[in-house]
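What follows is a single structure, written as structure tokens, with notes after it.
The values are calculated or read from the model by the stated rules, or taken from the named source; none is laboratory data. All values reported here derive from a predicted model rather than from experimental measurement. Cβ coordinates were reconstructed from backbone atoms using ideal geometry, including for glycine residues, and neighbour counts include every protein chain displayed.
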Amino acid sequence: MGDTLEPQSFRVTRADLVRYAGASGDFNPIHWSDRVAAKVGLPGVIAHGMFTMALVGRAVTHWAGASDAVVEYGVRFARPVLVPDDDEGIVIEVSAVVKEVTEDGLTRLDLTVSCAGEKVLAQARALVRRR
């Protein structure tokens, strides 16, 4: 317990948001239009919350060794991920600490997810069956 897992980073660009919108069907303009984002009080275009959650899920499956090893996974959205209109985008950082290893082979992970120095997900946890 208390072991930290290798941190993972994911770069997100506006092009990624367009691809995710097409795949998910979520074409809300706050995910691609600075004008609309500002009109609703946002500081800029934000990433889809479920896209952010999916990237963290990718880190969890990497640590677990396979997608079917993830038994539970949940988060609360704490802050939006602002994605600039440039070629660099923004980086989401994901780290994890092993909080518990059960007798039946399950590992509970507490996840920390940040972007530009701000925690963007809260109560991010996963339960995995390590291979």
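Taking the condition of being touching a residue at least 24 places away in the same chain (Cβ under 8 Å) and either touching a Ser or Thr at 6+ places or on another chain (Cβ under 6 Å) or in a loop (DSSP other than H, G, I, E, B) (or both), how many residues in segment 99-119 meet it?
Qualifying residue count for the region: 3.
So that you can scan it fast, the table gives a plain yes or no per residue for (1) touching an Asp or Glu at 6+ places or on another chain (Cβ under 7 Å); (2) within 30 Å of ARG35 (Cα to Cα); (3) among the β-branched types (Val, Ile, Thr):
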residue: VAL56; (1), (2), (3): no, yes, yes
residue: THR61; (1), (2), (3): no, no, yes
residue: GLY74; (1), (2), (3): no, no, no
residue: ALA78; (1), (2), (3): no, yes, no
residue: VAL83; (1), (2), (3): no, yes, yes
residue: GLU88; (1), (2), (3): no, yes, no
residue: SER95; (1), (2), (3): no, no, no
residue: VAL101; (1), (2), (3): no, no, yes
residue: GLY105; (1), (2), (3): no, no, no
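Which of the residues spanning segment 80-129 are loosely packed, with under 13 Cβ neighbours inside 10 Å and closer than 19 Å to ASP68 by Cα?
The answer is THR102, ASP104, GLY105.
Within segment 1-25, take every residue that is under 17 Å from the mean Cα position of the chain (by Cα) and of a type in the set (Asp, Glu) and give me the one that is nearest to ARG58 (Cα to Cα).
GLU6
Is segment 48-63 home to any residue that is farther than 26 Å from ALA15 by Cβ, part of a helix (DSSP H, G or I) and not hydroxyl-bearing (Ser, Thr, Tyr)?
Quick first cut of segment 48-63, residues farther than 26 Å from ALA15 by Cβ only: 63.
Those still in the list that are part of a helix (DSSP H, G or I) too: 63.
Those still in the list that are not hydroxyl-bearing (Ser, Thr, Tyr) too: 63.
Checked against the condition, which is being farther than 26 Å from ALA15 by Cβ, part of a helix (DSSP H, G or I) and not hydroxyl-bearing (Ser, Thr, Tyr), segment 48-63 yields at least one hit.
Any residue that is among the polar types (S, T, N, Q) and modelled with pLDDT of 95 or more - is there at least one of those in segment 66-89?
no
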